[in-house]
Amino acid sequence: MSQQILRTDRITLVPLSDEHLDHEIELDADPEVMRYLTGRARSPAEVEVLHRQRLAAADPVAGLGFWVGFVDGRFVGWWLLEPPTRADQGPVDGQAELGYRLLRRYWRQGLAGEGARELLRHGFEDLRLTRVFAETMAVNAASRATMTSIGMQHIRTFHADWEEPLPGSDLGEVEYAITREQWLASQPATRG
C-alpha cells in the first residue's frame, strides 16, 4: 500500500512530493516553529536535504511517510507517521512515530490534533499498526497537550544527547503513546 490521500473535516492530507518543498522551506524558516526542534530557523539548503530524507520516510514501510496538509487549498503544515529510527524506540514492526508541524498562523485552531487523529485512524485501521508514539521536549506544553487530546499517554521522560542543547533540554524529552487496543476502545460504537 502506498501513501493515501487522507481527509478530515477541514484538512486534506496529501503525500509529500517535490512540489511541496517551498512549503517546507516556509515552515522551517520560522524560528518559533523550530523553537523546540533546532532553536533556530533552517536555511533553504538545509530544508532541501531534509526534504529528501522526508520523502525517503515513505520507503521502508508501505503506507507510512509524510503528508502535507491543506485547508481550503492553503498550506497549513505537515504530519508524519514513520518507522522508529532509534534503538530506544523499540521494534519497527507494528509501530510508527507520529509527528506534526504547523505554520504559526494556524496554531491554536485544533488542526494539529485533527490531522494527528486522522493519522492514528490510518495507522490503526488501514495499516493495522499495534502502537503509535510521539516525542517532544518536556517543556513543549502545546505539543504535549495535543498528544493528550488525541488519547496518547505519557510513557517516559528521557534525556537525549544534543550537540547544541536547546533551552529547556535539561528537563528532557517525553514519549507519549497509544496502542491499537486503546485507540479502538476510545472510538464511538458503530450502529448496526
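Full extension of the chain between THR38 and SER186 gives 49.9 nm of extra length, using 0.36 nm per residue less the Cα-Cα distance. If R0 is 30 Å, the Cβ-Cβ spacing of ARG86 and ARG128 corresponds to a FRET efficiency of close to 0.80. Relative to the Cα centre, the charge distribution of the chain, modelled as +1 at Lys and Arg Cβ and -1 at Asp and Glu Cβ, gives a dipole magnitude of about 780 debye.
Restriction of the chymotrypsin sites (Phe, Trp or Tyr not before Pro) in the stretch 143-186 to DSSP coil positions whose beta-carbon has at most 12 other beta-carbons within 10 angstrom yields TRP162. Counting only heavy atoms of the protein chains and using a 1.4 Å probe, SER149 has close to 80 Å² of accessible surface.
Under 5 Å from the amide H of GLU173 lie the amide H atoms of ALA138, PHE158, HIS159, ALA160, each residue being 5 or more positions distant or on a separate chain, with H modelled from the backbone and absent for Pro and chain starts. Against the 2.2 N^0.38 Å scaling, with N counting residues, where does the chain land? I'd like the Cα-based Rg ratio to two decimal places. That works out to 0.99 for the chain. Working from Cα pairs under 8 Å separated by at least six residues, relative contact order for the stretch 19-59 is 37 percent.
Once each of the GluC sites (Glu not before Pro) sitting in a DSSP loop with at most 11 other beta-carbon atoms within 10 Å is removed, the chain keeps 33-162 as its longest stretch. Electrostatic bookkeeping for ARG156 treats Lys and Arg as +1 and Asp and Glu as -1; over the other residues with beta carbon under 15 Å from its beta carbon, the sum is -2.
Taking Cβ atoms as reference points and 13 Å as the exclusive limit, the residues near ALA138 contribute a net charge of -2, counting Lys and Arg as +1 and Asp and Glu as -1.
By a 1.4 Å probe calculation restricted to protein chains, THR85 has an accessible surface near 110 Å², given to the nearest 10. The mean sequence distance of close C-alpha pairs (under 8 Å, at least 6 residues apart), as a share of the length of the stretch 53-192, puts its relative contact order at 17 percent. Taking the protein heavy atoms of the stretch 1-107 in the context of the full set of protein chains, the accessible area attributed to carbon and sulfur is 52 percent at 1.4 Å.
The Cα-based radius of gyration and maximum Cα-Cα distance (Dmax) for the stretch 1-101 are 13.8, 40 Å. The residues of the stretch 1-128 present an accessible area of 49 Å² per residue when probed at 1.4 Å with all protein chains retained. On the beta carbon distance between GLN53 and ASP170, with R0 = 30 Å, the FRET formula returns roughly 0.60. Summarising the label geometry, the points placed 7 Å from Cα in the beta-carbon direction at HIS159 and ARG7 lie 4.9 nm from one another.
The values are calculated or read from the model by the stated rules, or taken from the named source; none is laboratory data. None of the values given here were measured: they were computed from a predicted structure. All Cβ positions, glycine included, derive from the backbone under ideal geometry; neighbour counts span all protein chains shown. The protein model used for the area step is the full one, side chains on, heavy atoms only, and it has no ligands, DNA or RNA in it. Shrake-Rupley method; radii C 1.70, N 1.55, O 1.52, S 1.80 Å.
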